[in-house]
Amino acid sequence: MSLINLLDKGYVRLVNNMGSDLTVVNAARVSYAKQSNDLNEKDIKLIEYLARKGHTSPFRHVILQFEVYAPLMVARQWWKYVVGSAHYEGTGDSLDAWNESSRRYITEDPLFYIPNAAEWREKPENTKQGSADPIAWEIGCKHTEALMNYVDLGISKYEAALADGVCPEQARLFLPAYGMYIRWYWTASLQSVTHFLLQRLEHDAQKEIQQYAKAILELTKRAYPVSLEQLIPNPYYSEENNNEVIP
C-alpha cells in the first residue's frame, strides 16, 4: 500500500487492488478456453492488441480501490467522470463505487486548501475556462490572506452554530465549500481508471486535478504496469512524477 501527498494537505492512497496483468490476459483467453500461468511475451502482445483494438472488457476484470483526500472542487470534477464512465463508448462499464465523508454526520475540524502566493494563476485570454500563467506575487499574497480570513470567518460561524445546538447538516452551510477537504473511497475497474486518467492528465484539465491524476497514474502503474503502458499513451505514461511517495 502506498500513499502520495498532494497540494498542502491532500493525498491519494492505494488501499487495495484485485487481479494483475495476467488476469487481463486470462479474461481474454477464456473465449478459447485457454489460460496462461505466467505472463510471457505472447501475453504482453495480447494486452497490446486488446488496447490497440479497443477490446476493453478484459480490463474490467481488475479492480483498484483508492482513498482520496482532496478539496471539494477536485472531488466534484472527479465525480463527473465516475458518472460518465458508465456510458463511455457504449461499454456499460459500471464497475465504480464512491463513498464520501459527510458533514451531516461528522464534525471533525475542517481543513481547507489555501494556495500560497505563488500558486494563484491568471485567467486565460482565449478561453472561458482554465487558467494561464502564475499571477503577480503581490496579488497572490493579497488573495492568500483574504482567503485565510474568509475561511477563519466561516469556521467561527460554523462552530458558533454547533455551539448553539444547530445540527451539523445545517451548520456546514457556513463553511466555504470549494476549498474544503473531503475524504472518499473510489473503487473502479482498470478501464474506468484509464478513462479518468485520459481526461484529467490532459494539459487543459485544472492543474489541481492533474496532480491527483498523476498520483493515480503512478499508483496504478505499480499494480498493472503492462496494461497501463498500453492503455495510456506517451508522454503521460512515462512522464516524471515528482510527487512524494510513501511506502
Order of Tyr11, Tyr105 from fewest to most other C-beta atoms within 10 Å? Tyr105, Tyr11
The stretch 114-178: projected area of the alpha-carbon convex hull, averaged over directions, in nm²: 5.3 nm²
Using only alpha carbon pairs under 8 Å that are at least six residues apart, calculate the relative contact order of the chain and give it in whole percent. 30 percent
Beyond 25 Å, what share of the Cα-Cα pairs of the stretch 1-159 remains, rounded to the nearest whole percent? 55 percent
Suppose each label sits 7 Å from its Cα in the direction of the beta carbon; what would the Glu67-Glu41 distance come out to in nanometres? 4.3 nm
Take the Cβ-Cβ distance between Ala160 and Asn116 as r, set R0 to 30 Å, and report the resulting FRET efficiency rounded to the nearest 0.05. 0.55
Using mean Cβ contacts within 10 Å as the protection proxy, how do 190-203, 129-142 order, highest first? 190-203, 129-142
Put in order of increasing Cβ neighbours within 10 Å, starting from the fewest, Met180, Met73, Met148 give Met148, Met73, Met180
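Rule-based calculations on the coordinates, nothing more; no lab input. None of these values were measured; they are calculated from a predicted model. Heads up, the Cβs are rebuilt from the backbone with ideal geometry, glycines too, and the neighbour counts pull from every protein chain shown.
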